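Visitor: The following block contains the structure, expressed as C-alpha cells.
Read-outs throughout are calculated quantities, based only on the coordinates presented, and are distinct from any laboratory measurement. Just so we're clear, the structure is a prediction, and the values are computed from it rather than from any experiment. Don't worry about glycine lacking a Cβ; one is built from the backbone with ideal geometry, like all the others, and counts go over all protein chains shown.
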Amino acid sequence: QVHLGESGGGLVQAGGSLRLSCAASGLTVSSNTMGWFRQASGEEREFVAAISWRVTTTYYTDSVKGRFTISRNNAKNTVYLQMNSLRPEDTAVYYCAATYKAYDVRRRSDYNYWGQGTQVTVSS
C-alpha cells in the first residue's frame, strides 16, 4: 500500500552538496508529516529533519541547521532533503519516513512508514 522510495544518495567530498528525494505512493505528503532520519555505522537511527503537514513547519536537528533544508513538492508527492556543506560526520544511510502526527515528530516511534534508505558518504 504505502511505499517511500529514497534516491539521490552517493559519494561526495566534504563541503559538497546532495539532494535526496523521497517519492511517496499510497499516501499524500501534504497530509502527512514527512521526516528524514539517518543511521551511521554502529549508531542508532537519529532524527534529521521533518516538515509538518498541518502548518508546513520544519524541524531540524542542531547539527544540520543552516546546512540542510527539507521541502516538499505536493504535485509530485515528493519530499526532498537538500544537503549543503556536507561533512564526513554526515555519512550515513538516510531514511524517509511518514506520520500523521503534526507535532512532536522527532522520535522514530512517531513514524508509521519508512523507506529503505539511501547511502550518503562524505569523504574528507
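Visitor: May I ask you to list the residues of the stretch 3-36 whose amide nitrogen lies under 11 Å from a point 7 Å from Cα along the Cα→beta-carbon direction of residue 61?
Guide: 36
Visitor: Karplus couplings for the stretch 98-109 from phi (6.51 cos²θ - 1.76 cosθ + 1.60, θ = phi - 60°), rounded to Hz, Gly and Pro as x?
Guide: Couplings: 9, 8, 7, 5, 9, 9, 6, 10, 9, 9, 4, 5 Hz.
Visitor: Same structure, new question: Rounded to whole Hz and in sequence order, give me ³J(HN,Hα) for the stretch 75-92 from the Karplus expression 6.51 cos²θ - 1.76 cosθ + 1.60, θ = phi - 60°, writing x for Gly and Pro.
Guide: Working through the residues one at a time gives 4, 8, 6, 9, 10, 10, 10, 7, 10, 10, 6, 5, 10, x, 5, 7, 4, 4 Hz.
Visitor: Count the net charge of all other residues whose Cβ sits under 12 Å from the Cβ of residue 29, scoring Lys and Arg as +1 and Asp and Glu as -1. Display every interim value, and only then the final one.
Guide: Numbers: positive: 72, 76; negative: none.
So the environment of residue 29 carries a net charge of +2.
Visitor: Any chance you could run the full-extension gain for residue 28 through residue 54? It's 0.36 nm times the residue separation minus the Cα-Cα distance, nm to one decimal.
Guide: On the way: separation 26, 0.36 × 26 = 9.36 nm, distance 1.27 nm.
Full extension of this stretch gives 8.1 nm more.
Visitor: May I pose another question? Quick check: net charge around residue 87, other residues with Cβ under 14 Å of its Cβ, Lys/Arg +1 and Asp/Glu -1?
Guide: 0
Visitor: Between residue 75 and residue 107, with labels modelled 7 Å along Cα→Cβ, what's the label distance in nm to one decimal, could you check?
Guide: According to this spin-label approximation, the distance is 3.8 nm.
Visitor: Name the residues whose placed amide hydrogens come within less than 5 Å of the amide hydrogen of residue 72, ignoring near sequence neighbours (fewer than 5 apart) on the same chain.
Guide: Residues meeting the amide H criterion: 80.
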